[in-house]
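Down below is the structure, laid out as structure tokens.
The values are calculated or read from the model by the stated rules, or taken from the named source; none is laboratory data. Since this is a predicted model, take the numbers as computed values, not measurements. Cβ sites come from the backbone with ideal geometry, for glycine too, and all protein chains shown count toward neighbours. Accessible surface areas use protein heavy atoms only, side chains included; no ligands, DNA or RNA. Shrake-Rupley method; radii C 1.70, N 1.55, O 1.52, S 1.80 Å.
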Amino acid sequence: MNARERTIITYRYERRRAFGAGVLEAAATIFLLLIAVRWYEAGPLAKALVAGGGSVGLLLAPWLVLRVEAAGWPVAKAAARLAALGAISFLVMALVPLLPIYVAGCVVALATSSAAIPLMTQIYQDNYPEHERGRLFSRTMMIRIGTTAVFSDLAGRALSGHVNQFRWLLVVFAGATAVSSFCLARCPSRPLTASGGTHPFHAFRYLREDRIFRQTIISWIFLGFATLMMAPLRIEYLANPRYGVRVHGKLLTAGMIALFTGVIPNAVRLFLNPFWGWLFDRMNFFVLRITLNIGFVLGILSFFTMGSLAGLVLGAIVFGISNAGADVAWSLWVTKFAPAERVADYMSVHTFFTGVRGLAAPLTAFYLVSILPLNLLGWISAGLILIGSCFLVPEIKFGKTARPAAALVEEVPE
């Protein structure tokens with residue numbers, strides 16, 4: 001199979017997989033936690049496990065890459081097997097409606113999806129041509145974002161007043177995951193190049209050996225912790241009467257909260273994602289990342305500190321603009337700088353630290369919000385993002401020599 005045939009086949013199945021991925025994104029961000037709260041009346045620990053399932057997978061990514069490498073499996077086949085395990089988990093959750101089974105199933109299903117991200121990076125490094133990777137990524141991401149929006153609306157309507165029918169929704173999630181497994185199994189791929197590593201964290205040596213990689217990871221720790229800390233507080237800020245957010249003298253309805261936290265940001269994200277994909281293929285990465293960071297700062301400050309309807313709208317729009325670029329930047333940056341045969345290793349380190357942030361930041365946020373004013377947390381987060389940006393300024397000169405990047409199809413928070 002020549003390079004063009006690999007690209008055509010991979011892109012064909014990725015467009016199909018994007019529909020299933022959109023359904024699963026809605027599951028991970030909305031419905032699995034909604035079911036835990038409304039039907040199972042789960043406690044704090046159970047809800048935290050459901051919400052953090054994807055981060056568990058990111059933490060396991062280095063170990064998974066090592067196991068796939070040692071087994072000599074083609075990376076697409078390994079990712080397909082993980083997706084099949086996720087589909088089975090959803091089915092078990094639907095057949096055995098008990099809280100412990102439900103929580104464990106959510107963790108397994110979400111973890112299998114996120115743990116496969118470094119494998120997906122390697123697939124796109126091998127199969128997508130350098131000059132159009134960002135464009136191909138943004139096209140599949142548009143399908144995914146659109147599917148998430150439409151399915152969220154339909155599933156929300158279906159569950160309204162009928163939460164007891166949630167098991168049928170789990171069956172739909174199982175079907176979407178099975179479709180993903182089917183598509184992945186048909187993508188051309190090869191086994192990972194043997195690195196000689198013998199323990200799951202062997203890839204962390206690249207932090208010591210590669211200065212650009214190390215500086216960027218440090219920057220992302222500050223940036224990602226700040227954005228992930230404030231993300232759940234957007235709902236807290238609008239929904240909790242203690243903060244007194246009102247429109248025309250009335251507390252916000254659920255529909256208005258959804259408008260500011262979901263509808264507006266995702267509409268902007270869908271519209272601008274192709275632009276960021278195009279820009280990513282042409283712009284110095286470190287300049288692009290700093291630009292996005294400034295956008296997140298402005299979005300957080302306008303949303304949490306202006307105290308007005310205009311501030312909420314502006315914050316939602318700026319967040320959507322920045323998040324559209326972050327979809328591309330988070331997924332693509334590693335392969336601009338990693339050796340081609342070590343892309344999965346570099347990505348496993350990146351995803352591991354994302355998993356750490358994904359577990360630690362929300363816990364920190366809800367602790368701090370009980371002792372500090374929320375607008376002060378907004379300023380603290382803005383400061384963390386600016387500190388992270390300072391680590392990237394000396395690296396701008398290296399961004400000019402970076403090669404075009406391989407694309408991921410997984411959207412993961414910063």
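Points worth noting:
- Taking the criterion of being modelled with pLDDT of 85 or more and of a type in the set (D, E, K, R), no residue of region 145-157 qualifies.
- Pairing each residue of region 222-251 that is closer than 20 Å to V297 by Cβ with any residue that is at pLDDT below 75 and crowded, with 22+ Cβ neighbours inside 10 Å, provided the two are 6+ apart or on different chains, yields C-beta distances under 9 Å for L223/E414; G224/E414; F225/E414; A226/E414; T227/E414; L228/E414; A231/E414.
- Matching residues in region 45-79 - criterion: being in contact (Cβ under 8 Å) with a residue 60 or more places away in the chain, open to solvent by less than 10 Å² (accessible area, probe 1.4 Å) and over 24 Å from P362 (Cβ atoms): V65, L66, V68, V75, A76, A79
- The numbered conditions (1) farther than 21 Å from T148 by Cβ; (2) touching a residue at least 60 places away in the same chain (Cβ under 8 Å) are all true for S308 except (2).
- Flag for A340 being within 16 Å of the chain's Cα centre (by Cα), surrounded by fewer than 24 Cβ atoms within 10 Å (Cβ to Cβ), within 24 Å of I123 (Cα to Cα) and of a type outside the set (D, E): no
- Assessment of region 158-165 against the conditions (crowded, with 24+ Cβ neighbours inside 10 Å and either in a helix (DSSP H, G or I) or at pLDDT 75 or above (or both)) yields no matching residue.
- In region 344-364, the residue that is nearest to F398 (Cα to Cα) out of those that are at pLDDT below 80 and in contact with a Pro (Cβ under 8 Å, 6 or more places away or on another chain) is M347.
- Yes/no for L238 being on the phi < 0 side of the Ramachandran plot and open to solvent by less than 50 Å² (accessible area, probe 1.4 Å): yes
- Region 1-10: number of residues that are out of contact with any Lys or Arg (no Cβ under 8 Å at 6 or more places or on another chain) and surrounded by fewer than 18 Cβ atoms within 10 Å (Cβ to Cβ): 6
- Check on L32, under 18 Å from T177 (Cβ atoms) and open to solvent by 30 Å² or more (accessible area, probe 1.4 Å): no
- Scope region 269-301; condition surrounded by fewer than 23 Cβ atoms within 10 Å (Cβ to Cβ) and farther than 23 Å from S219 by Cα; matching residues: L270, F271, L272, P274, F275, W278
- Against the numbered list (1) open to solvent by 30 Å² or more (accessible area, probe 1.4 Å); (2) modelled with pLDDT of 85 or more, N266 comes up short only at (2).
- The set of residues in region 348-395 being under 23 Å from the mean Cα position of the chain (by Cα) and charged (D, E, K, R) consists of R357 alone.
- Cβ separations smaller than 6 Å between residues 6+ apart or across chains give no pair from region 320-347 residues that are on the phi > 0 side of the Ramachandran plot to residues that are surrounded by 24 or more Cβ atoms within 10 Å (Cβ to Cβ).
- Checklist (1) in contact (Cβ under 8 Å) with a residue 60 or more places away in the chain; (2) crowded, with 19+ Cβ neighbours inside 10 Å; (3) in a helix (DSSP H, G or I); (4) not β-branched (V, I, T) applied to A42, failing item: (3)
- Inspection of region 210-226 finds no residue satisfying the criterion of being at pLDDT below 85 and either more than 19 Å from L392 (Cβ to Cβ) or buried (at least 19 other Cβ atoms within 10 Å of the Cβ) (or both).
- Leading residue by the ranking (least open to solvent (accessible area, probe 1.4 Å)) among those in region 147-157 that are in contact with a helix residue (DSSP H, G or I) (Cβ under 7 Å, 6 or more places away or on another chain) and over 30 Å from S189 (Cα atoms): A155
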